[in-house]
Amino acid sequence: MSAVAAAPREKRRSSPRDSIGSWPLSDRIAFGLCWAAGIALCAIAGGIVLYMGIKGISYLKPSLLVQSPVGSPNQSSSGGFLDPIEGTFLLTAVGIAVAAPLGVAVAVWLSEYAQGGRGREFLARAVESGVETIAGTPSVVLAIFGLLVFSRRFLAFLSQTSAGGAVFGRSFFSAGLIMSLLAIPLIVGATREGLAQVPAHVREASYALGKSKATTIGRVLLPSVRGNIASGITLGMGRIIGDTAIVVILLGASLRLEGAGGAPVLSILRGTGSTLTSYIKENSPAGEGNAPQKAYAAAFVLLVIVIALNALVTRLSGGQDHAGGTR
């Protein structure tokens with residue numbers, strides 16, 4: 001009888017507060033502010049996409065995508081922005097080609113090798129601080145540092161030189177190497193997050209089969225976090241695509257791709273050029289190109305690229321979570 005009587009009391013004691021009206025006033029205010037913040041953020045993002053979409057589509061013409069820019073006092077009626085599009089993808093490729101292996105290597109070392117001794121732990125803290133410092137450093141500071149480094153004579157093979165032997169330090173090589181610093185923290189963070197989620201018994205099972213630590217990392221751990229690595233690389237690509245300061249200082253922001261040397265590919269990488277961001281800056285109402293219509297069209301193309309990258313990140317992250325759940 002007592003057990004039967006105790007059951008309803010236990011049920012009443014554990015029943016949750018499902019009604020928001022029963023919450024304390026402070027909780028209801030915080031709940032409302034959270035909803036308001038989320039709706040405001042969605043409205044701002046939607047407004048940006050809608051405004052730039054309407055403006056960009058109204059000014060975008062197919063000819064702008066296939067014609068190179070032409071130097072003219074009136075940019076609004078001369079050429080397109082094919083070269084800035086090519087420069088955007090070329091610079092992104094150079095930056096990611098450097099950032100991806102370095103970022104994954106740093107993440108693996110911090111996650112799998114940093115433990116075991118004061119020396120390693122001290123070095124790990126120093127590396128983590130270095131990655132955080134790079135992530136928080138303004139890109140214009142990195143650009144100035146890069147110009148100081150790549151204008152040295154022993155790095156003349158990476159950029160153009162004057163007739164007197166002066167090294168300009170401006171090229172896709174130098175800009176891409178500095179751009180890689182923007183992507184490395186994102187790749188390191190995404191890869192470390194994935195490695196931290198791998199269960200410990202996966203490593204133990206590999207060791208039990210006689211596999212070495214290096215083999216376990218290469219054959220077991222890294223394949224299991226491919227989604228995280230791909231997400232970090234994609235986010236790094238978005239970071240590179242959206243930067244302007246490094247392009248202006250280390251790439252020259254010239255309208256067209258200007259090679260340096262005789263080799264077809266190497267001459268372009270050693271030469272100068274521009275990206276969509278620098279092209280938009282130059283032709284915006286605040287720039288000197290006096291072609292806001294082209295700026296809106298190029299901004300729309302850039303927005304489409306960024307949205308596509310974000311969609312890819314979402315897909316990769318969702319696929320990784322699903323894979324993790326099925327394991």
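Placing dummy labels 7 Å off each Cα toward the beta-carbon, the span from Cys42 to Glu204 is 4.4 nm. Mind checking which of Pro185, Pro264, Pro292 has the largest fluctuation in a GNM of the chain, springs on alpha carbons under 10 Å? Of Pro185, Pro264, Pro292, the Gaussian network model singles out Pro264 as fluctuating most.
Please determine, in degrees from 0 to 90 and to the nearest 10, the orientation of helix 118-136 with respect to the longest principal axis defined by the Cα atoms of the chain, where the helix direction is its Cα long axis. Between helix and principal axis, roughly 60 degrees.
Just checking the listed ones, Leu250, Leu60, Leu33: in the Gaussian network model of the chain with Cα springs under 10 Å, the one fluctuating most is Leu33.
Summarising the label geometry, the points placed 7 Å from Cα in the beta-carbon direction at Ala126 and Ile20 lie 5.3 nm from one another. Which one, [x] 1.31; [y] 1.42; [z] 0.96, gives Cα Rg over 2.2 N^0.38 Å as derived from the coordinates shown? From the options [x] 1.31; [y] 1.42; [z] 0.96, the structure gives [x].
Between helix 2-14 and the chain there is an angle of about 20 degrees, using the helix long axis and the longest principal axis of the Cα atoms. Only Cα pairs under 8 Å and 6+ residues apart enter the sum, and on that basis the relative contact order of the chain stands at 23 percent. The accessible-area ordering, largest first, of the residues Glu282, Glu288 stands as Glu288, Glu282, per a 1.4 angstrom probe.
As a fraction of the 1.4 Å probe accessible area of the chain, surface on carbon and sulfur atoms comes out at 66 percent. Tell me, what is the FRET efficiency for Glu288 and Gln67 to the nearest 0.05, using R0 = 22 angstrom and their Cβ-Cβ distance as r? It comes out at approximately 0.60. Measuring r between the beta carbons of Lys213 and Ala166 and using R0 = 51 Å, the FRET efficiency lands at 0.55.
The values are calculated or read from the model by the stated rules, or taken from the named source; none is laboratory data. The model shown is predicted, which means the values in this text are computed figures rather than measured ones. Using ideal geometry, Cβ is built from the backbone for each residue, glycine included, and neighbour counts are taken over all protein chains shown. Ligands, DNA and RNA are excluded from the accessible area calculation, which covers all protein heavy atoms including side chains. Shrake-Rupley method; radii C 1.70, N 1.55, O 1.52, S 1.80 Å.
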